[in-house]
Amino acid sequence: MSAAQFQKPLGPMPRDSSQDLEEPMLAQISSTESSKERPPAVVHQMPFCARSLRRVIPEASAIRASQTLPPRLSRVNGWSRPLHFFQAIAWAMFLFLAFTTFGVFIPFLPLNWRYMAYGVTGGLFLFHFLVHVIAVSIDPADTNVRMKKNYAEPVPTFDRSKYLHVIQNRYCHLCEVTVSAKAKHCSSCNKCVEGFDHHCKWLNNCVGTRNYWFFFSSVASAFVGMLCVAGILLYIFIQYVVNPVELRADQHYRSISNEHTWVLFLPLFPTRTKTPVVLTLGASVLLLNAANLLLLGHLLFFHLYLMSKKLSTYDYVIWGRQQRNLAASQTRDKASQKAHNSLSSSVRGEKSKLFLPSSGHLKQFTSPTTELENHSLPLKEAAISKSWSVQGLKSLELLSSAALSIQPSTTTSCSESSSLSQCF
């Protein structure tokens, strides 16, 4: 292997570990091409299949991946393939609620309320339909992506051994254009989105600066429309319990004598049915409407909160992830500190057990001391008497010095070898 392969890149990006594994593998494959032997250890250390969403593939397997994976194209808007399952659910729910509200429930209202309900609820449903279609149809990509990128060309594969991030210094290595400061590359749409907020599965499109207000208007109009439908259904159920005759104000009921027979799809397609069918349909729509109110209300107030904080959904998610990582690191630090304290206390306890004597040793050490204290009384008395004798000698020396000062002749006649008793 040449020394150039071990040189560090000139840019500020650190060398990825996958490249360190890739180059020895390429050298060994080229040297043993005839025998076709591959080192099994290197294969187990490259779990690149786990990154299916980003589809990040090293250079060593780029040729093999291009043969198995279909070419990835950038999606223009929410109508581009592949369509999402949530998108079909959203449209089916809209059509079902519009059909049942205008064809079944509003005709039960009194005549003066009926036209008001048609106007208000119909206007909300029409407004929601328009802004929803616009939010799906707009291409939210960055300006340079829309102007310079060819959507018919496949997106290149991102190699993490060369670049750490998809966008570096406002240049996208996949779109191959310079993007704005708040642009992010969406892995679902395979393009950079200007002012990226989030990828909405219900729209099957990214929400960015170009279509955010259409998305917000769609959510707000859907929430208000669900409130209107809930009010109509509650009125019908209350009137059915209190006074069912008020629900039979339409002229088609004049020829119906049975009070358990109801007419649906008025006034265009009058269809007779029984009471259980109407109650079951009303209860199911009311439950579905309540679930929609909870979801739409949560989403609406969440975006109102983001507007008040001047944040995007992406910023909020990144901030929450950082807070969770910080809390997890603090929890790990506390646990490690607690374990360290408990370990150090246990070690100190073991050391104290090693150096402290046992009860038998204490007994051996205390018993001679006790016996010594019991037999030390005569010694104490002897010491006291000795101290008194010493003090007596000192007093005699003082007296002798005083006598010598008074009678010098007496002291001179005594010899130095004689005792004090002989001199006196």
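The values are calculated or read from the model by the stated rules, or taken from the named source; none is laboratory data. These numbers come from a predicted model, not from an experiment. Methodologically, a virtual Cβ is constructed for each residue, glycine included, from the backbone with ideal geometry; neighbour enumeration extends over all protein chains shown. For accessibility, only protein heavy atoms count, side chains too; no ligands or nucleic acids. Shrake-Rupley method; radii C 1.70, N 1.55, O 1.52, S 1.80 Å.
Could you look through segment 80-95, keep only residues that are within 28 Å of LEU266 (Cβ to Cβ) and without any contact (Cβ under 8 Å) to a residue 24 or more places away in the chain, and pick out the one that is farthest from the chain's Cα centre (by Cα)?
Among them, the one singled out is LEU95.
With closer than 16 Å to PHE102 by Cα and among the β-branched types (Val, Ile, Thr) as the only criterion, which of VAL278, VAL241, VAL245 stands out?
Sole residue among the options that is closer than 16 Å to PHE102 by Cα and among the β-branched types (Val, Ile, Thr): VAL278.
For segment 116-138, check the following and say yes or no: at least one residue is touching a Lys or Arg at 6+ places or on another chain (Cβ under 6 Å) and closer than 22 Å to CYS189 by Cβ.
Checking segment 116-138: at least one residue is touching a Lys or Arg at 6+ places or on another chain (Cβ under 6 Å) and closer than 22 Å to CYS189 by Cβ.
Check CYS192 against each of (1) in a loop (DSSP other than H, G, I, E, B); (2) open to solvent by less than 20 Å² (accessible area, probe 1.4 Å); (3) in contact (Cβ under 8 Å) with a residue 40 or more places away in the chain; (4) of a type outside the set (Ser, Thr, Tyr) and name the one condition it does not meet.
The single condition CYS192 does not satisfy is (1).
Output the number of residues of segment 108-142 satisfying the condition of being part of a helix (DSSP H, G or I), touching a Gly at 6+ places or on another chain (Cβ under 8 Å) and farther than 28 Å from LEU279 by Cα.
Counting residues in segment 108-142 that are part of a helix (DSSP H, G or I), touching a Gly at 6+ places or on another chain (Cβ under 8 Å) and farther than 28 Å from LEU279 by Cα gives 3.
Could you figure out which of (1) within 40 Å of the chain's Cα centre (by Cα); (2) at pLDDT 90 or above isn't true of LYS149?
(2)
Testing HIS199 on (1) under 20 Å from HIS84 (Cα atoms); (2) open to solvent by less than 40 Å² (accessible area, probe 1.4 Å), one condition comes back false. Which one is that?
(2)
THR280: open to solvent by 50 Å² or more (accessible area, probe 1.4 Å), polar (S, T, N, Q) and in contact with a Leu (Cβ under 6 Å, 6 or more places away or on another chain), yes or no?
no
Residue check, PRO267 against (1) part of a helix (DSSP H, G or I); (2) open to solvent by 60 Å² or more (accessible area, probe 1.4 Å), all met but one. Which one?
(1)
Could you tell me whether any residue of segment 209-231 is among the small types (Gly, Ala, Ser), open to solvent by less than 40 Å² (accessible area, probe 1.4 Å), closer than 16 Å to PRO140 by Cβ and modelled with pLDDT of 90 or more?
yes
Here is a yes/no grid of residues against (1) farther than 30 Å from SER180 by Cα; (2) in contact (Cβ under 8 Å) with a residue 12 or more places away in the chain; (3) not small (Gly, Ala, Ser):
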| residue | (1), (2), (3) |
| --- | --- |
| CYS200 | no, yes, yes |
| PHE223 | yes, yes, yes |
| VAL229 | yes, yes, yes |
| LEU233 | yes, yes, yes |
| ASN243 | yes, no, yes |
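For segment 173-189, which positions are among the basic types (Lys, Arg) and in a loop (DSSP other than H, G, I, E, B)?
Result: LYS182, single match.
Just checking, which of THR313, THR261 is β-branched (Val, Ile, Thr), over 30 Å from PRO107 (Cα atoms) and surrounded by 12 or more Cβ atoms within 10 Å (Cβ to Cβ)? Walk me through it before giving the result.
Details: THR261 fails: over 30 Å from PRO107 (Cα atoms).
Going through THR313, THR261 in turn, just one is β-branched (Val, Ile, Thr), over 30 Å from PRO107 (Cα atoms) and surrounded by 12 or more Cβ atoms within 10 Å (Cβ to Cβ): THR313.
Go through segment 238-251 and report how many residues are of a type outside the set (Lys, Arg) and open to solvent by less than 60 Å² (accessible area, probe 1.4 Å).
5
Can you tell me which residues in segment 252-264 are modelled with pLDDT under 85 and either under 21 Å from PHE102 (Cβ atoms) or not in a loop (DSSP other than H, G, I, E, B) (or both)?
HIS252, TYR253, ARG254, SER255
So that you can scan it fast, the table gives a plain yes or no per residue for (1) modelled with pLDDT under 50; (2) within 30 Å of VAL193 (Cβ to Cβ); (3) among the β-branched types (Val, Ile, Thr); (4) assigned to a helix (DSSP H, G or I):
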| residue | (1), (2), (3), (4) |
| --- | --- |
| GLN322 | no, yes, no, yes |
| ARG332 | no, no, no, yes |
| ALA335 | no, no, no, yes |
| PRO357 | no, no, no, no |
| LYS394 | no, no, no, yes |
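Looking at segment 100-154, which of the residues that are free of Cβ contacts under 8 Å to residues at least 24 places away in the same chain and of a type in the set (A, V, I, L, M) is farthest from TRP202 (Cα to Cα)?
MET116
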